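Just below is one structure, and these are the notes that go with it.
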Amino acid sequence: MKPKVYFKTFGCRTNLFDSQVMMGALRDYEITENEGEADIVIVNSCTVTNGADVSVRGYINQMDKQGKKLFLTGCGAHTKGESLFGAGKIHGVFGQSEKTKINTLLSEQSRFYEIGDLNYVDDAIVEEFVGKSRAFIKIQEGCNFRCSYCIIPFVRGDARSMDEAKILEQVSRLAANGFGEFVLTGTNVGSYGQGEGRSIAELMKKMALIRGVRRIRVGSLEPIQINESFREILNEPWLERHLHIAIQHSSDAMLRLMNRRNRIGSDIELFSMLHDKGFALGTDFIVGHPGESDAIWSEAMENVRRLHLTHIHPFTYSKRDGTPSAVMKPEVNGTVAGKRMSELSALIEANNRAFRAQVNSPLEVLVESGENGRYSGYDQYFNKVVIESAEDLCGDWITLEHYEVDDDYNLAKH
């Protein structure tokens, strides 16, 4: 009987893709989605915040007590791998560049630390996504930005793009296997093809020509990446009607401290244009970065109200050793940061509900999960929809013209 392997994936969509690559490379092991029956647990870690590190460490301690054989990979392998390995809790640590060797690595009798390198280019092809309705396609790795708070370029390396032919081959295989929605992922997705005469917009056009491709979503884009080439595809029917554009803050004073390339005036212009075209708009936002005074916060909130945001991924600032922000003063009190986070989140939640109430086109929903007559998925605006049905709808595309707008999601009967 083959040993059973469970994958615990923390963090971003890039990690989700990497976990699927590892699953596809296993030959002598059986994958289980039941953590309890696993002999081996692969921890695909995130290190973007201190909280992420704490979550990973807590999970490893929990699995260690249960006697699981543990392996650590992902971004946390570069920052915390050595200490966790030294503590004897992990049988093996390996970097992202080593993930396709996982079948061999898991059979290593001796403990090992194989961190790999940060210059590799991923050429793995994933033909199936275990337990998923959407397919995640990694198109690039690494980041050339050096935002003052961010450790990710130091654990993912500089930006480099995957081979276009490999990407399109992967999309073709997944589409042939029944996947209709594709999510483009990477460390800095919009930098795909930079310096190589390629662009993410051109790639998406080629993807859209593949039979079976119904909807293409993009991970997080930078404002400067919504360029003329990208603007040309804004009206394409296959493009999601939700864009996540990372601005990180809405005060120019903070953006300068963060060493960001965007400025709020041009961000407001960009978001207004996309709002007028009917897009739902999301962003990342860091609250409580050093130097964020009451006056700056007040200005930031005033600007947020002009951005038409419907979705937000807010972070309370988390100090990462070795980054410029880690030594900046004055620091923001944690209670103050928490209140600011609540104020921001409440505003965007209200915006989201208002947006959903104003949508006048049918919702195109890919049903991802559910049981016992209650199913859920996401529409073209990346809003959650709950559907009550006597039929099993998992994996189906459903068009909804009639539904109720609830506080957290839309509700429909089918």
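The values are calculated or read from the model by the stated rules, or taken from the named source; none is laboratory data. Only a predicted model underlies this, so the values are computations on that prediction, with no experimental measurement involved. Quick reminder, even Gly has a Cβ in these numbers, built from the backbone with ideal geometry, and neighbours come from all protein chains shown. Areas reflect the complete protein model, heavy atoms only, side chains present, ligands, DNA and RNA absent. Shrake-Rupley method; radii C 1.70, N 1.55, O 1.52, S 1.80 Å.
Consider S55 carefully, then state whether it is open to solvent by 30 Å² or more (accessible area, probe 1.4 Å), touching a Phe, Trp or Tyr at 6+ places or on another chain (Cβ under 7 Å), more than 16 Å from T14 (Cβ to Cβ) and touching a residue at least 12 places away in the same chain (Cβ under 8 Å).
It is true that S55 is open to solvent by 30 Å² or more (accessible area, probe 1.4 Å), touching a Phe, Trp or Tyr at 6+ places or on another chain (Cβ under 7 Å), more than 16 Å from T14 (Cβ to Cβ) and touching a residue at least 12 places away in the same chain (Cβ under 8 Å).
If a residue must be charged (D, E, K, R) and buried (at least 20 other Cβ atoms within 10 Å of the Cβ), how many such residues does region 247-273 contain?
Result for region 247-273: 2.
Working only within region 65-92, note down all residues that are open to solvent by less than 60 Å² (accessible area, probe 1.4 Å), part of a helix (DSSP H, G or I) and over 24 Å from F17 (Cβ atoms).
Across region 65-92, the qualifying residue is only F85.
Looking at this structure, is L234 in contact (Cβ under 8 Å) with a residue 24 or more places away in the chain, of a type in the set (A, V, I, L, M, F, W, C) and buried (at least 17 other Cβ atoms within 10 Å of the Cβ)?
No.
Checking the condition within 21 Å of the chain's Cα centre (by Cα) and at pLDDT below 85, which residue from L72, L118 passes?
Being within 21 Å of the chain's Cα centre (by Cα) and at pLDDT below 85 holds for just one of L72, L118, which is L118.
Anything in region 325-359 that is of a type outside the set (K, R), buried (at least 17 other Cβ atoms within 10 Å of the Cβ) and over 22 Å from C150 (Cα atoms)? List them, or say none.
Matches in region 325-359: I348, N351, N352, F355, V359.
Given the criterion over 18 Å from the mean Cα position of the chain (by Cα) and of a type outside the set (D, E, K, R), identify the matching residue among G157, G195.
G195
Out of curiosity, is G142 at pLDDT 90 or above, open to solvent by less than 50 Å² (accessible area, probe 1.4 Å) and not β-branched (V, I, T)?
No.
Do you know which residues across region 233-288 are in contact with a strand residue (DSSP E or B) (Cβ under 7 Å, 6 or more places away or on another chain), assigned to a loop (DSSP other than H, G, I, E, B) and among the hydrophobic types (A, V, I, L, M, F, W, C)?
I233, W238, A246, I247, M258, F279
Quick one: what pairs do we get from region 360-378, first residue farther than 20 Å from G178 by Cβ and open to solvent by less than 30 Å² (accessible area, probe 1.4 Å), second in a strand (DSSP E or B) and of a type in the set (A, V, I, L, M), C-beta under 6 Å, 6+ apart or different chains?
L363/L400
Identify the single condition in (1) open to solvent by less than 40 Å² (accessible area, probe 1.4 Å); (2) over 22 Å from I312 (Cα atoms); (3) not hydroxyl-bearing (S, T, Y) that L209 does not satisfy, given that it satisfies every other one.
(1)
Go through (1) buried (at least 23 other Cβ atoms within 10 Å of the Cβ); (2) among the aliphatic types (A, V, I, L, M); (3) touching a Gly at 6+ places or on another chain (Cβ under 9 Å) one by one and return the number of the condition V48 breaks.
If we test V48 against (1) buried (at least 23 other Cβ atoms within 10 Å of the Cβ); (2) among the aliphatic types (A, V, I, L, M); (3) touching a Gly at 6+ places or on another chain (Cβ under 9 Å), just (1) comes out false.
Would a scan of region 385-402 turn up a residue that is within 15 Å of I286 (Cα to Cα) and either open to solvent by less than 70 Å² (accessible area, probe 1.4 Å) or modelled with pLDDT under 95 (or both)?
no
Taking G88 as the residue in question, decide whether it is of a type outside the set (A, V, I, L, M, F, W, C), under 21 Å from the mean Cα position of the chain (by Cα) and at positive phi.
no
Kindly evaluate A337 against the criterion of being under 25 Å from the mean Cα position of the chain (by Cα) and aliphatic (A, V, I, L, M).
Yes; evaluated as a whole, the condition is true for this residue.
Has region 33-46 got any residue that is of a type in the set (S, T, Y) and outside any strand (DSSP E or B)?
no
Among (1) over 20 Å from the mean Cα position of the chain (by Cα); (2) not in a loop (DSSP other than H, G, I, E, B), where does F315 come up short?
(1)
Just name the residue that is farthest from Q140 (Cα to Cα) out of those in region 93-114 that are open to solvent by 60 Å² or more (accessible area, probe 1.4 Å) and assigned to a helix (DSSP H, G or I).
T104
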